[in-house]
Amino acid sequence: MAQDVKVRFGKNARIEVAPYTDGSEPPAAAWQHLCLTNRVSLGGEKGTETFENFCTEGNEVEVLDGSEKGTLEFGDTTWTEDDAALAVLKKASKAKTEDGSKVHYRVFPLGKGEGKPVFRGIFQVKNWKLDVPSKGLIKIENGVTPLGVPEEGTQGADGAFTPLP
């Protein structure tokens, strides 16, 4: 019997950012749609420890160390002068404090809607760079470092995040 395979396209995906407050979920009005990026990659990466000894004949061996760190990357981001989401990222890049450089994010892989999956987390904006070519669109590079692994959940009827059990 053939297995039912669910292939999904990212055309309905949505990425939102909000300024960091005190670590709690920002109010609905604080979230800005980051519509000017062409992709986002997020996930987790298990930590390893590398060692060598006589039993390995001097060869390096990697073993899991029990840690995990988040990964987050934005694709090309087109710049516009009045985009509110880019303003959140730019302000965080100029912050003088660690908390000021933090930004909340939410990724909706299948778009927004009750019961749909959502990933959320916090990242720090490490750099912000404007790339102005002589021909083509002006783009922004944001160097971001996720703080922890993205939390997976679903979107509630009121738009609130509901963590998975």
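The values are calculated or read from the model by the stated rules, or taken from the named source; none is laboratory data. Fair warning: this is a prediction, and the values are worked out from it, not measured in the lab. Quick reminder, even Gly has a Cβ in these numbers, built from the backbone with ideal geometry, and neighbours come from all protein chains shown. The accessibility values were calculated without ligands, DNA or RNA, using every heavy atom of the protein model including side chains. Shrake-Rupley method; radii C 1.70, N 1.55, O 1.52, S 1.80 Å.
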Remind me, relative contact order of the range 36-141 in percent, using alpha carbon pairs under 8 angstrom and six or more residues apart?
23
Amide hydrogen neighbours beyond the local backbone of residue 40, cut-off 5 Å, H modeled
75
Charges only on Cβ, +1 for Lys and Arg, -1 for Asp and Glu: so what's the dipole of the chain about the Cα centre, in debye to the nearest 20?
900
Under a plain spin-label model, where a point goes 7 Å from the Cα along Cα-to-Cβ, how far apart in nm are residue 135 and residue 41?
2.9
Considering only protein heavy atoms and a probe of 1.4 Å, how much of the accessible area of the chain is carbon and sulfur, as a whole percent?
50
Using amide H atoms built 1.01 Å from N in the peptide plane, name the residues 5+ places from residue 79, or on other chains, whose amide H lies under 5 Å from its own.
138, 139, 140
At 1.4 Å probe size, with no ligands or nucleic acids counted, give the accessible surface of residue 22 in Å², nearest ten.
120
Please give the calculated 222 nm ellipticity per residue for the chain, where each DSSP H segment of at least 4 residues contributes -39500 (n - 2.57) and the sum is spread over every residue; nearest 500 deg cm²/dmol?
-2000 deg cm²/dmol
Among 33, 58, 17 - extreme Cα towards positive end, dipole of the range 1-160, charges at beta-carbon
33
Show me the GluC sites (Glu not before Pro) within the range 58-90 that DSSP assigns to loop and that have at most 10 other Cβ atoms within 10 Å of their Cβ.
60, 81
For the range 154-165, 3J(HN,Hα) per residue [Karplus equation, 6.51 cos²θ - 1.76 cosθ + 1.60, θ = phi - 60°, Hz, x = Gly/Pro]:
10, 8, x, 4, 8, x, 6, 7, 10, x, 6, x
Expressed per residue, the solvent accessible area of the chain in Å² (1.4 Å probe) is about 66
When every alpha-carbon pair in the range 76-161 is counted, what percent end up more than 18 Å apart?
54
To the nearest 20 debye, the range 77-154 has a Cα-centred charge dipole, built from +1 on Lys and Arg Cβ and -1 on Asp and Glu Cβ, of 160
